[in-house]
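The structure under discussion appears below in the form of structure tokens.
Values in this text are rule-based calculations from the coordinates and carry no lab data. Note that the structure is a prediction, hence the values are computed from the model and not measured. Glycine gets a Cβ as well: all are built from the backbone with ideal geometry, and neighbour counts include every protein chain shown.
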Amino acid sequence: MRLIIMVVIVLGVAGLGATGLRPRIARAAMLSVGAPAPDFHSQMVSGDQLAPVSLADFHGRKLVLYFYPKDNTPGCTKEACAFRDGYARLQAAGIAVLGCSIDSADSHKAFIRKYRLPFPLLLDPGRGIARAYGADNGIPILGLDRRVTYVIGENGLILKVYPSVDPGVHAKQIIHDLGADHPPSPAPAASPAASAGGPPNAAHGTQAPQGAGKPPAGEGSDVE
């Protein structure tokens, strides 16, 4: 009996030691607001087409770069479809959207085709992009990315960080935060005379004489 107890104790201690000595998978820190967005060069799937892409391609406009674990999983599908449904508003506000996961090009193509996603999906087979943005090893045992979103400003700096994402409402949150739910109203069209740059009376072909329109002394006191 004592022997059995000693064996159990030894095995327990050995197990704890092995757990403590097991190398942990490092996870890069997430980026902060105001930090430069790491550059990337890869390929993206847009519809059924593959095209080269880099961060520089989005210079001068805002970019929503969202990382997600895997194509065709329930949460990722819900998130992608929410971005799809709000894409017209984002596009009207001049905001680009780019999804990123470790999935293959064929998986991205099927995902885009199945749910009619109007925005491209970024390829990151070596997880280098996710690592640079602190989004890798979200599920270490499966090697999947974390569900993280960055908004990159027109100048290439991190504008917003979303480290905790609810897939169902995340797109609406970004649309609201970036003001895309209330896009600016178009400026009123200028009159033909104003567009031509002529004087106010140019549309009538004559120019008002100097001093015209001024009421004589003692008159027009109700104008003020």
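Here are some notes:
- With the simple spin-label model, which puts each label point 7 Å out from Cα in the Cβ direction, the D85 to R116 separation comes to 1.4 nm.
- Ranking Y150, L50, A171 by Cα position along the charge dipole of the stretch 27-177, where only Lys, Arg, Asp and Glu carry charges on their C-beta atoms, puts A171 farthest toward the positive end.
- Taken over the stretch 26-89, the percentage of Cα pairs per 10 Å bin, counting from 0 up to the bin with the maximum distance, is 14, 39, 42, 4.
- For the stretch 27-177, diffusion coefficient by Stokes-Einstein and Kirkwood Rh (Cα), 25 °C, 0.890 mPa s, µm²/s: 162
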